[in-house]
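Values quoted throughout were computed directly from the atomic coordinates according to the rules given, and no laboratory measurement underlies them. Every value quoted in this text rests on a predicted model; they were computed, and no experiment measured them. Here the Cβ positions follow ideal geometry from the backbone for every residue, glycine too, while neighbour counts run over all protein chains shown.
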Amino acid sequence: MKLIAIDSSGNVASVALFDGEKVLGEYSVDHKKTHSVTLLPMLKELTERVDYALEETDAVVLSSGPGSFTGLRIGGAAGKGIAAALGCPILPVPTLEGLCFRLPEWQGRICPMLDARRSQVYSGIWRFEGEELICIEPGKALALEEMLDMLNRSEEEVIFLGDGCDRYREAIEAGMRTGYRIAPAHLRYQSAAALAVRAASLGNAAFVAADDFAPEYLRQSQAERERAERLAGSGS
Amino acid sequence: MVRILAIESSCDETAAAVIADGREILSNVISSQIDIHTLYGGVVPEIASRKHMERIKRVVDRALADAGTELSDVDAIAVTSGPGLVGALLVGVSYAKGLAFAGRKPLIGVHHIEGHVCANFLNRPSLEPPFPCLIVSGGHTTLARVTGYGEYEVLGRSRDDAAGEAFDKVARALGLPYPGGPAIDKLSCEGNPEAIEFPHAKVDGSEYDFSFSGLKSAVLNHLNSCRMQGQEVATADVAASFQKAVIDVLLSHSMLALERSGDKRFALAGGVSANRHLRAAFEEACKERGVELICPEPVLCTDNAAMIGAAAYIEYQKGHFSDLDLNAYPALRLGERP
């Protein structure tokens, strides 16, 4: 299965080409968040460098969220445009699952954690059983304390990764009563290659029509939240 | 024949069109989000961006289908790159870049206000520069002289609120629905435009610049003082008098520009130029001066992608193409190249 993978859900802009057997190339940059400028030129350079035949693409793999709302749309809209031009489907991969695929050898719980602002994180808990990724707690937006409480209910060691474990390192240190580690720098953030490998494991069954792809933000816009609160308030 | 596929997502309309030789509309698809934003009394940028993301591919595909063409048949892909809401712009820009990259097509970033001006070329294919043009919309109020194809001399712009923004804010204060322009236009028919004298703000140091925030405040003050004194607000009179104050200022600056340039044509553009009272006032003033007034039909006044295709054709002919590092530029000024 030939895949173009794009992840711009966080600070890293990452693109990869995967031919079903091997990662032909990955280009990741963690510099300034200007994904709208850098992402397409990076992909173009990568395809040229490895003589990739765009027309042979089976699907465009996209991080489907959560993450930066704008970041998800920059990669998502570019990916939809590419899929439209190539006439191929999209293979969405939840951002947190893509992160788990950076650490398939880890024996224990995996806790990808993204900074969701407003004292919250986007996080969940997974574990590899053999090659299979098992979800223990599905990804959602929640308070850091709530997440740490959840993790402390088991003694199984945890590895954290994602930008949330940088942002909240001190709070993790103070709040964790179970053994834990933080993923090393080269494995800590989003990677389009990991996303592609995850996508390949999901296979054709996970294809969605490019028409239908939209990110799963896991959080409403501020205006929608405030309106829902107003309506709930006036109803009581 | 040069076919340009154009995409527009700078505010709350997801739009795509196919334009032939810059003047003929082969298709023009507009998916409005107005029903959703009405719930919030104005455009919510995050919601607009999300809706663009959901709709963009279907809208673009329909524009291609309506034109009886395929992506492989178009000569270039054009997209609004600014000004506008940055999150909304980014959806169109990113989608267009993906299409251009994988479809191996030239990309053209287009200035949204140039698009509004160029809507006049669609309406009047024989139109040629030079001519002065007033662009009035929810986001922009700009008086410019189109000196050549793709060449603009900006004479004046709003120092604060855009004219359409003032309409929206006053409409909200009057309890009228969003968007405020059509609501005030309609209600004004029943009111006396001379009933209340609202200020016609002058801008220090510029004959051509506009300011509408003082006018908006004057309307709000008037409403407050009526309420304090227990008087019933004559809503239709307030709407008509406010609208007249806006139109008077737009008209006087525009006619000054026209007299100085000596041009025999004057063009209107932008969503507010669909306002019937504004059109009537400009028609009368132009007629008195023996000047031809050019104005796009209403569907080409509000945001659309056909106008972006018309503007892109000028760039296409000049060989001005964008690279894949094209960004969204929320505050791009008319005449500026990103």
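Evaluating 6.51 cos²θ - 1.76 cosθ + 1.60 at θ = phi - 60° for every residue in region A:195-208, the Karplus couplings come out as 4, 5, 5, 4, 4, 4, 5, 7, x, 4, 4, 8, 4, 10 Hz, glycine and proline recorded as x. In this simple spin-label model, placing a label point 7 Å from the Cα along the Cα-to-Cβ direction at both A:ARG181 and B:SER213 gives a separation of 5.6 nm.
Neighbour counts of C-beta atoms inside 10 Å place B:CYS11, B:CYS286 in the sequence B:CYS286, B:CYS11, starting with the fewest. With both labels modelled 7 Å from their Cα along Cα-to-Cβ, the B:GLU259 to A:ASP212 distance reads 6.4 nm. Which whole DSSP H helices in chain B pass both tests: a Cα extent of 15 Å or more along the axis and a mean Kyte-Doolittle value no lower than 1.0? What comes out of the filter, once short or polar helices are dropped, is B:86-103.
Panel values: region B:154-252, Kirkwood radius from alpha carbon pairs, Stokes-Einstein at 10 °C and 1.306 mPa s, translational diffusion coefficient 117 µm²/s.
Loop-located chymotrypsin sites (Phe, Trp or Tyr not before Pro) in region B:1-108 (DSSP state not H, G, I, E or B) with no more than 15 neighbouring Cβ atoms inside 10 Å: B:TYR40. From largest to smallest, the equivalent ellipsoid semi-axes obtained for the protein assembly as shown from the alpha-carbon gyration tensor read 48, 30, 17 Å.
How would you classify region B:82-140 from its alpha-carbon gyration tensor, with a ≥ b ≥ c the square roots of the eigenvalues: rounded for a/c under 1.5, else prolate if a/b is greater than b/c, otherwise oblate? Because a/c hits 1.5 or more and a/b fails to exceed b/c, region B:82-140 counts as oblate. The residue list B:ASN192, B:GLY109, A:PRO66 was ranked by how far each Cα lies along the charge dipole of the protein assembly as shown toward its positive end, using unit charges on Cβ atoms, and B:ASN192 comes out on top.
One equal scatterer on each Cα of region A:1-108, no solvent, Debye formula: the resulting log10 I(q)/I(0) at q = 0.11, 0.21, 0.23 Å⁻¹ is -0.31, -1.16, -1.37. The three principal axes of the Cα atoms in region B:198-338 give end-to-end lengths of 63, 41, 35 Å, sorted in falling order. Sorting the Cα pairs of region A:19-72 by distance into bins of 5 Å, from 0 upward, gives 4, 14, 23, 27, 18, 12, 2 percent per bin. A dipole drawn for the protein assembly as shown from +1 and -1 charges on Cβ atoms has a positive end, and of A:LEU144, B:GLY68, B:CYS301 the residue lying farthest that way is B:CYS301. Phi angles across region B:196-204 convert, under the Karplus curve 6.51 cos²θ - 1.76 cosθ + 1.60 with θ = phi - 60°, into 3J(HN,Hα) values of 10, 9, 8, x, 9, 5, 9, 9, 4 Hz, Gly and Pro given as x.
Over all pairs of different C-alpha atoms in region A:103-187, the reciprocal of the mean inverse distance, the Kirkwood hydrodynamic radius, equals 12.7 Å. When the Cα convex hull of region B:37-142 is projected onto planes of every orientation, the mean area is 8.4 nm².
In units of the rule-of-thumb radius 2.2 N^0.38 Å, region A:57-207 shows an alpha carbon radius of gyration of 1.06. Across region A:92-100, computed HN-Hα scalar couplings (Karplus, 6.51 cos²θ - 1.76 cosθ + 1.60, θ = phi - 60°) run x, 10, x, 3, 5, 5, x, 5, 4 Hz from first to last residue, x flagging Gly and Pro. Ranking A:LEU187, A:LEU39, A:ILE159 by how far each Cα lies toward the positive end of the dipole of chain A (charges on Cβ) leaves A:LEU39 at the top. Under a Cβ-Cβ cut-off of 11 Å, what is the net charge of the residues other than B:THR80 that fall near it, where Lys and Arg count +1 and Asp and Glu count -1? In short, -4. Helical runs (DSSP H, four residues minimum) scored at -39500 (n - 2.57) apiece and divided by the length of chain A put the mean residue ellipticity at 222 nm at -10500 deg cm²/dmol. Loop sites only, by DSSP: take the trypsin sites (Lys or Arg not before Pro) in chain A that have at most 12 other C-beta atoms within 10 Å and name the longest stretch containing none of them. The segment A:33-116 is the longest one with no such site. Above 17 Å, the calculated P(r) of region B:135-186 contains 45 percent of its Cα-Cα pairs.
An oblate overall shape is assigned to region B:262-326, the ratio a/c of its alpha-carbon gyration tensor axes (a ≥ b ≥ c) being 1.5 or greater and a/b not exceeding b/c. Put a dot 7 Å past the Cα of B:ASN221, heading toward its Cβ, do the same for A:GLU131, and the two dots end up 7.6 nm apart. Remark: region B:130-296 carries a charge dipole of roughly 220 debye about the Cα centre, counting +1 on each Lys and Arg Cβ and -1 on each Asp and Glu Cβ. Look at A:ASP7, B:ASP21 and count the other Cβ atoms within 10 Å of each Cβ; fewest to most, that gives B:ASP21, A:ASP7. With contributions of -39500 (n - 2.57) from each DSSP H run of at least four residues, the per-residue ellipticity at 222 nm computed over chain B stands at -14000 deg cm²/dmol. Amide H contacts of B:ALA15: B:GLU8, B:SER31, each under 5 Å away and 5 or more positions distant or on a separate chain (H built 1.01 Å from N in the peptide plane; Pro and chain starts excluded). Taking amide H as placed 1.01 Å from N in the peptide plane, the amide H of A:ILE125 sits under 5 Å from that of A:ILE136, A:GLU137, each at least 5 places away or on another chain. Our Cα-only numbers for region B:130-296 put the radius of gyration and Dmax at 16.0, 56 Å. Residues whose amide H lies under 5 Å from that of B:LEU332, counting only those 5 or more places away or on a different chain, are B:GLY84; hydrogens are built 1.01 Å from N in the peptide plane.
Note on chain B: Cα convex hull, mean projected area over all directions, 16.7 nm². Sparse packing (at most 16 other Cβ atoms within 10 Å of the Cβ) combined with a DSSP loop state is found for the following GluC sites (Glu not before Pro) in region A:66-151: A:GLU105, A:GLU131.
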